[in-house]
Structure formats: C-alpha cells, structure tokens
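K.L.:
Following this message is one structure expressed as structure tokens.
The values are calculated or read from the model by the stated rules, or taken from the named source; none is laboratory data. Predicted, not measured: the structure shown is a model, and the values here were computed from it. A quick note on method: Cβ atoms are made from the backbone with ideal geometry, for glycine too, and the neighbour counts reach across all protein chains shown. Please note that ligands, DNA and RNA were not included when accessible areas were found on the heavy atoms of the full protein model with its side chains. Shrake-Rupley method; radii C 1.70, N 1.55, O 1.52, S 1.80 Å.
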Amino acid sequence: MAGEEEEERNLIEILEENIPIDITKYINYVQSPHCGAISTFAGTTRDTFEGKTVLELRYEAYVPMAIRCIKSICTSARSSWNLSSIAVAHRLGPVPVGEISVFIATSSVHREDSLDACKFMIDEVKASVPIWKKEVYSNGEVWKENSEFLERKDELVVPSHGRKCCGKKVMVIE
Amino acid sequence: MDSEKEERISIKIKVLFFARARDLTGMTDMSLEVSPGTTALGCLDKVITKFPGLEEIRNCMVLALNEEYTPESTVVKDRDELALIPPISGG
C-alpha cells in the first residue's frame, strides 16, 4: 500500500501483511542509464537472539508517519549525496526467519554516493521511523528496541531541528 | 484565549497506541477530552492516569503530534492526533 512517487524519484512502500519484498522491483526502479552504481541493503530476520530460537518477527507501523519520516530521510540523503533514485520498502505483519523485512536501493553516477547514502538511509530508518517489531520465540515474545532510537530520541522531538525525521518542513526546496 | 467562557469548552483529541503501548492499554486508539491550552504532556498525564501500566514505558517513549515528533510542551488543538511512540524497532 501507500506507494509514493515524487519528482525526485523516491519510491516508498510500507507493505501490508504477507506481501514479500520484491527486490527486483526496487532495483529496477532505481536503475538508470546515466547511473554507474546501484547500492542496496536488505535486512533479514535472524533465527536466534541471545541464544533463543526466533520463530518469526511481527512488524507494525504508524504508516502515514512512517512514510513522512522516510520521505524526510530521502530529502536528507539527497542533501548530502548526489543521488538519482531512492527506493525504500518495509514489510508489516509476520516475517518468517530468513526473509527480508526492509530493503533499500539507491542509485548514483558514481558508487561512493549510492554506497554511503544507502548506509545512511538504513541507519536513519532504524533511528527514527515509527515501525515496531515483536520477536516471537518458542516460549514467549518481546518488543524490540533499536539502540539508534534510544540514543537519539531526545533530539527527535526538538522542533525544527535541521534534518531530523519529520521535523518542520522548512528544508523543502521547491 | 478569548476572555469569554473558553475554559469551559473542552477540546477533543485522538490518542494512538502502538506496539507495547497498545499491549498495555489494550486498545489501538482512544478519544480524549482536555481543556484548551493543555500540552502534549498534559494529555499524556491524563492518559497515564487512565492506564497506569503505561508508566512502564514513560521514560523511553516519545510523542508525535499529527504525524510529527513533538516536544511535550506543544499545546494541542481540537482534533489533533497524538501518538505514543514506544521505542521503535524497524529494520
């Protein structure tokens, strides 16, 4: 759901339950004849956490805010690197072990931009986008907490703070 | 605020609960009536009074107002959407 395409060629999708991430779609989206590089990151669900067997992860999101936050991260990335296209997809609902829960693809003329921007994008997604996962074990379940969020949560709420996710949209360039 | 009887008029906001906050309250959202001039923190206090279990995550969560992270000092308006954002864990 909630596909989003802008003049800047950003594709942001928060996928409803039981829709696997079709990475080819996003790679094709960012591909361009004038680009010499496509960089991607895929986050996959691990089968163990601190020795416990993980059966699956269950994701949920505050979808409209998550999309706004990811848009804002795209804007930030473009202000730091010379990027052609950006695609971000995140699954919701149960994601079985081994499957992709988040996928990011960036393209640029030269590889440094897409590589660095791709790392920036996933770090920012983990720090500021309102998406949650519950880890389900054979004997219980727990809501996970990203350390990136806990370290940064106080600056997230500072009004009109530069490029922070979902800050006031003062940086938008027409 | 107008000098008329504005204080008597309450405003209504929607409060959203996600993840651990939803587990603790047992609901995804609720309607909350507060007096004009109430801050996001004031709203949160009211919600916690209703659901004391939320104390558990109070110090690690943040608030969002109308889909943007907000300081607790922001004054809410009628029909605002206030979301409790427990520690996120996307990715």
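K.L.:
Could you give the alpha-carbon Rg of the protein assembly as shown over 2.2 N^0.38 Å, rounded to two decimals?
P.N.:
Cα-based Rg divided by the globular estimate yields 1.07.
K.L.:
List the accessible area buried at the contact between A and B, summed over both sides and calculated with a 1.4 Å probe, in Å² to the nearest 100.
P.N.:
Summed over both sides, the interface buries about 2500 Å².
K.L.:
Let me ask you something else. Show the residues, 5+ positions off or on another chain, whose built amide H is closer than 5 Å to the amide H of A:V54.
P.N.:
A:T48, A:F49
K.L.:
Oh, and also: Arrange the residues A:K25, A:K133 by how much accessible surface each exposes, largest first, with a 1.4 angstrom probe.
P.N.:
A:K25, A:K133
K.L.:
Starting with the highest mean, order B:68-79, B:23-34 by the number of other Cβ atoms within 10 Å, averaged over the residues of each peptide.
P.N.:
Descending packing order for the listed peptides: B:68-79, B:23-34.
K.L.:
Separate question: Given charges of +1 on the Cβ of Lys and Arg and -1 on the Cβ of Asp and Glu, with all other atoms neutral, how large is the dipole of chain B about its Cα centre, in debye to the nearest 20?
P.N.:
240 debye
K.L.:
To continue, here is another question. Quick check on segment B:11-85: what does the Kirkwood estimate of hydrodynamic radius come out to from the alpha carbon pairs, in Å?
P.N.:
12.0 Å
K.L.:
Quote the relative contact order of chain B in percent (integer), defining contacts as alpha-carbon pairs under 8 Å separated by 6+ residues.
P.N.:
37 percent
K.L.:
From zero outward in steps of 5 Å, how is the percent of C-alpha pairs of segment A:91-138 spread across the bins?
P.N.:
4, 16, 22, 19, 17, 11, 7, 2, 1, 0
K.L.:
Quick check on chain A: helices-only [θ] at 222 nm, where DSSP H runs of length 4 and up contribute -39,500 (n - 2.57) each and the sum goes over total residues. Nearest 500, please.
P.N.:
-10000 deg cm²/dmol
K.L.:
OK, next. What net charge do the residues around A:Y59 carry, taking every other residue with its C-beta under 12 Å from that of A:Y59, with Lys and Arg at +1 and Asp and Glu at -1?
P.N.:
Here the charged neighbours net out to -1.
K.L.:
Next up: In Å², what does the accessible area per residue of chain A work out to with a 1.4 Å probe?
P.N.:
48 Å²
K.L.:
Okay, next question. Could you list, in their original order, any pairs among A:K52/A:K119; A:K25/A:K119; A:K133/A:K153; A:K25/A:K71; A:K126/B:K50 whose Cα atoms are separated by more than 23 Å?
P.N.:
A:K52/A:K119; A:K126/B:K50
K.L.:
Of all accessible surface on chain A at a 1.4 Å probe, what whole percent is carbon and sulfur?
P.N.:
The value for chain A is 50 percent carbon and sulfur by accessible area.
K.L.:
Work out the length of the dipole vector of the protein assembly as shown about its Cα centre, built from +1 on the beta-carbon of each Lys and Arg and -1 on the beta-carbon of each Asp and Glu, and round it to the nearest 20 debye.
P.N.:
It comes to approximately 160 debye.
K.L.:
For chain A, find the longest principal axis of its Cα atoms and tell me its angle to the long axis of helix A:147-156, 0 to 90°, nearest 10.
P.N.:
50 degrees
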